[in-house]
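Asks: One structure, as structure tokens, below. Some questions next.
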Amino acid sequence: METEGLLQFRGNEKLSDISLTKASAPDADAIKGHKVVLAASSGLFFDLFTKEDQELVDEFKIPAFIETKSAVTEDPYNKAFAYMYCDQQFDKIRAELSPNNVFQLYSVAYTLKIKKLINDLEDFIVNDLLDNENSINFYLDGIRFESQKVTSACEKLLVQEFQEVCTSKDGHYFLSQLPLPYFQNLMKDNELNVDNETRVLECVEKYIRHRADIQPDKTEEEKKAERAAIEAAGEEPPPDPEEEEKAKKEEEFNALDDKGKIQWKKQAAGRMRVRGLRPTEKRELFKAIRFAFLTHQELLQCSRDPIFDEAKDYFIEGLTYKIEPEEVLDKDNTLISLNERAHYVRDALGDDFRDLNVNAPQRHRMDPTGDVHQERTLEDGPNRRAGTHRTDKSRSPLRNKPAPKGGSRAELAGQKSRYPGARKDQLSYPRRTLQGGMDDTFARAETDPYHDMGAPTMPPVRFAVPGQGRSRKHGPQANWADNQVAKKSFDYNYDMDENGCFFYLATQGGRKIWQNPHVIGQVQAFASSIGFGTVQDLVGRKCVNLRTLNEPFSFFGVDLGEGRKLLPTCYTIMNRNSSTHVLMNWHFEGSTDKLNWTILDRRVYMPSQLESASIHDNYAVDQEIIDSLCQKQQTNTWGIDQNVYNDIDSEGFRFFRIIQISPNSSGSDNLALSCFEIYGNIAAGRFP
């Protein structure tokens, strides 16, 4: 007779020798179990059934599992018993698991001490489920259940995505709830992805303030001294906590009462309890801050704040090193760390971390037209020193890669880029997928971004009129004669090469070291809004997190300056270090007055996000391009059909922008990217 193995005995009375009820569902029918099967998988049942009086145990109430961050309320015990009765083969239950229920099953495995299931689940979580979206909840559950494998993997991911975490409201709450050892591990990591050390300072300050009114736990010495004082006064001493704990553990298996079986829940809750900090713990936490990379002003302000009393000498040493670094003779024995983190972002003007503005917060202003511009004040100005100006290629996501060989413009469309994430069709030209050809594609856009495509009109947006608004010390280049053309074209070679328009202006025609062209006034970047990052990042060279607010038709743009005009041939966009909230549908537009915009290139790779159903039918989904766009730090170069300039009789444009025409890949209206570059033919003006 062919049998189904142990699985045929699960839940029935065949050879059953124990009846199990669940504390989480007391009204449910009892489960018929088999002691030998349960004891072979579960440490809890093994300890219970191998006692001398195990024959008397014919009923057992299974402890309620520990609650997790999961919002799913399904009963995980069925999966646990299926695992035990199929000889602990994880593949039998793998298909039923997801990020929403995996830690519920882990909780049962933890409560019943099913060691193999714990190991299988940890491998599955780390290798198959963990991503940016669930890393925070997985991290908290990993701490709750003391899973070193899960917490280590989550920690690595959180270190990479920390810039996102520390700048969101939910992220600040998450950090404030972390137990001290785990919070310290994050803050100390050299690879912590922050653009400046001010982020770490703010996180540590908020963490300490969150616990300011909470008394720290008493030490064993303090508890003994307290008991001794009570005994000396002739009062009844309180019971010894250690003896109480031992008694409770004995009750787990001897008395088998509910009080004994909830010890796991109490211990898990205790690991997540927000505790007060002792002075020694604060001092140790302050060591995680890289004081040498804070600004002079930040060091002075924090040194006067009582919350930082335990770090006074750290601030003094940080100030000393910034003002007179040669005075710090024994750099190996300093109280503060002199090692910069791997992801600091700075422009070439402040590349020496001893400059007082190295991590100065950037300021933005919004002019009366609604555009966002970045201000630089004397307070933010660099303390320029000889020998401090150098390129920061080590920070680039394209670092240590050889430049590909050049080729003719005609060969570029098929040339394979040698940079990470590049595709062999890197230089992409618009596909003629619209009904009626491309004539409508490049029609002039006055108020409707889709023109005759049947899409809803774009809400009216006000733009800055040249010569109006608040003045800047370093405005775009002005007063160049139209006939003064020093360079003919900016020819694309490979992604993020040194042939682009912005790079040329940033190096002032290759005569000087690269400096952000917005900072030195060669161009002026602008945006519909700024949600994170600085507007100057748009014309930078690094992979940073730059995004707008969650607003429809968000855009980033660049003003080349008065008198300058360009006829673009292609443009490069660099994705940020994230695979979420990716730009999928957009226009690349040009303008001569920043009031009327012409669509030069339209890209739609996620037509389902467009509101008009008629548009959906005209675009084919290209999964290869979608996958490429979603890669972290991905660069893509998009070609522009040169016939557009004949169709609209254009003589070049001064203003350019990338406008998002639908929600992004995550369904929000944030326009998120790192930077972009433009190539093309000079139509008028002097460059630089």
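The values are calculated or read from the model by the stated rules, or taken from the named source; none is laboratory data. These numbers come from a predicted model, not from an experiment. Backbone-built Cβ (ideal geometry, glycine too); neighbour counts: all protein chains shown.
Asks: Restricting to segment 46-57, count the residues that are at pLDDT below 85 and either assigned to a helix (DSSP H, G or I) or closer than 27 Å to Gln89 by Cα (or both). Before the answer, list the steps.
Replies: Initially, segment 46-57 is screened for residues at pLDDT below 85, giving 47-57.
Now narrow it down to the ones that are either assigned to a helix (DSSP H, G or I) or closer than 27 Å to Gln89 by Cα (or both): 47-50, 54-56.
Total satisfying the criteria: 7.
Asks: In this structure, does Val108 turn out to be part of a helix (DSSP H, G or I), closer than 27 Å to Val36 by Cα and β-branched (Val, Ile, Thr)? Break it down into steps so the answer makes sense when it comes.
Replies: Values: part of a helix (DSSP H, G or I): yes; closer than 27 Å to Val36 by Cα: yes; β-branched (Val, Ile, Thr): yes.
Spelling it out, Val108 is indeed part of a helix (DSSP H, G or I), closer than 27 Å to Val36 by Cα and β-branched (Val, Ile, Thr).
Asks: Within segment 132-190, track down each residue that is under 15 Å from the mean Cα position of the chain (by Cα), among the aromatic types (Phe, Trp, Tyr) and surrounded by fewer than 21 Cβ atoms within 10 Å (Cβ to Cβ).
Replies: Residue satisfying the conditions is Phe174 alone.
Asks: Right, something else. Exactly one of these conditions fails for Arg541: (1) in contact with a Gly (Cβ under 9 Å, 6 or more places away or on another chain); (2) buried (at least 24 other Cβ atoms within 10 Å of the Cβ). Give me its number.
Replies: (1)
Asks: Would you check which residues across segment 111-128 are assigned to a helix (DSSP H, G or I), at pLDDT 90 or above and touching a helix residue (DSSP H, G or I) at 6+ places or on another chain (Cβ under 6 Å) and list them?
Replies: Taking segment 111-128 first, the residues assigned to a helix (DSSP H, G or I) are 111-112, 115-128.
Narrowing further to those that are at pLDDT 90 or above: 115-128.
Of everything in segment 111-128, those that are assigned to a helix (DSSP H, G or I), at pLDDT 90 or above and touching a helix residue (DSSP H, G or I) at 6+ places or on another chain (Cβ under 6 Å) turn out to be Leu117, Ile118, Leu121, Glu122, Ile125, Val126.
Asks: Still on this structure: Give segment 104-123 a look and list any residue that's without any contact (Cβ under 8 Å) to a residue 40 or more places away in the chain and under 23 Å from Phe45 (Cβ atoms), or say none.
Replies: Our first condition is that a residue be without any contact (Cβ under 8 Å) to a residue 40 or more places away in the chain; within segment 104-123, this holds for 104-105, 109, 118-123.
Those that are without any contact (Cβ under 8 Å) to a residue 40 or more places away in the chain and under 23 Å from Phe45 (Cβ atoms): Gln104, Leu105, Ala109, Ile118, Asn119, Asp120, Leu121, Glu122.
Asks: Looking at segment 540-562 only, could you name the residues that are farther than 22 Å from Tyr679 by Cα and not hydrophobic (A, V, I, L, M, F, W, C)? Spell out how you get there, then give the answer.
Replies: Of the residues in segment 540-562, the ones farther than 22 Å from Tyr679 by Cα are 545, 547-554.
Answer for segment 540-562, where residues must be farther than 22 Å from Tyr679 by Cα and not hydrophobic (A, V, I, L, M, F, W, C): Asn545, Arg547, Thr548, Asn550, Glu551, Pro552, Ser554.
Asks: Give me the helices (runs of 4 or more DSSP H) completely within segment 237-333, filtered to those with at least 1 residues that are modelled with pLDDT of 85 or more, ordered by residue number.
Replies: On the way: elements: 241-253, 258-261, 263-271, 279-286, 296-303, 312-323.
By residue number, 279-286, 296-303, 312-323.
Asks: Let me ask something additional. Answer yes if at least one residue in segment 560-572 is farther than 24 Å from Gly510 by Cβ and not aromatic (Phe, Trp, Tyr), and no otherwise. Working first, answer last.
Replies: If we filter segment 560-572 for residues that are farther than 24 Å from Gly510 by Cβ, which is where we start, we get none.
No, segment 560-572 contains no residue that is farther than 24 Å from Gly510 by Cβ and not aromatic (Phe, Trp, Tyr).
Asks: Criterion first (assigned to a loop (DSSP other than H, G, I, E, B), over 33 Å from the mean Cα position of the chain (by Cα), surrounded by 16 or more Cβ atoms within 10 Å (Cβ to Cβ) and not aromatic (Phe, Trp, Tyr)) does Ser578 satisfy it? Quick ask: steps written out before the conclusion?
Replies: Details: assigned to a loop (DSSP other than H, G, I, E, B): yes; over 33 Å from the mean Cα position of the chain (by Cα): no; surrounded by 16 or more Cβ atoms within 10 Å (Cβ to Cβ): yes; not aromatic (Phe, Trp, Tyr): yes.
Answer is no for this residue.
Asks: Please enumerate the residues belonging to segment 620-642 that are modelled with pLDDT of 90 or more and in a helix (DSSP H, G or I).
Replies: Within segment 620-642, just Leu629 meets the criteria.
Asks: Cβ-Cβ distance below 7 Å, separation of 6 or more or different chains: which pairs start in segment 652-671 with a residue that is on the phi < 0 side of the Ramachandran plot and not assigned by TED's automatic domain parsing to the domain that holds Gln524 and end on one that is in a loop (DSSP other than H, G, I, E, B) and of a type in the set (A, V, I, L, M, F, W, C)?
Replies: From residues that are on the phi < 0 side of the Ramachandran plot and not assigned by TED's automatic domain parsing to the domain that holds Gln524, there are no pairs.
Asks: Right, something else. Would you be able to tell me the number of residues in segment 190-232 that are in a helix (DSSP H, G or I) and free of Cβ contacts under 8 Å to residues at least 40 places away in the same chain? So that I can check it myself, show each step before the final result.
Replies: In the first step, residues of segment 190-232 are kept if they are in a helix (DSSP H, G or I); the result is 198-210, 220-232.
Remaining after also requiring free of Cβ contacts under 8 Å to residues at least 40 places away in the same chain: 199, 202-203, 206, 220-232.
Of the residues in that region, 17 qualify.
Asks: Ok, one more. Give all pairs with beta carbons closer than 9 Å in which a residue from segment 81-96 that is assigned by TED's automatic domain parsing to the domain that holds Phe45 meets a residue that is of a type in the set (Lys, Arg) and surrounded by fewer than 19 Cβ atoms within 10 Å (Cβ to Cβ); count only pairs at least 6 apart in sequence or on separate chains.
Replies: Between residues of segment 81-96 that are assigned by TED's automatic domain parsing to the domain that holds Phe45 and residues that are of a type in the set (Lys, Arg) and surrounded by fewer than 19 Cβ atoms within 10 Å (Cβ to Cβ), the close pairs are Ala82/Lys92; Tyr83/Lys92; Tyr83/Lys116; Cys86/Lys92; Gln88/Lys116; Phe90/Lys116.
Asks: Got at least one residue in segment 578-594 being among the acidic types (Asp, Glu) and modelled with pLDDT of 95 or more? Walk me through how you get there before you give the answer.
Replies: Within segment 578-594, the first condition is being among the acidic types (Asp, Glu), and the residues that meet it are 589, 593.
With modelled with pLDDT of 95 or more added as a condition, the list becomes 589.
Checking segment 578-594: at least one residue is among the acidic types (Asp, Glu) and modelled with pLDDT of 95 or more.
Asks: Assess whether Leu7 counts as being modelled with pLDDT under 80, of a type outside the set (Asp, Glu) and in a helix (DSSP H, G or I). Spell out the reasoning first.
Replies: Numbers: modelled with pLDDT under 80: yes; of a type outside the set (Asp, Glu): yes; in a helix (DSSP H, G or I): yes.
Spelling it out, Leu7 is indeed modelled with pLDDT under 80, of a type outside the set (Asp, Glu) and in a helix (DSSP H, G or I).
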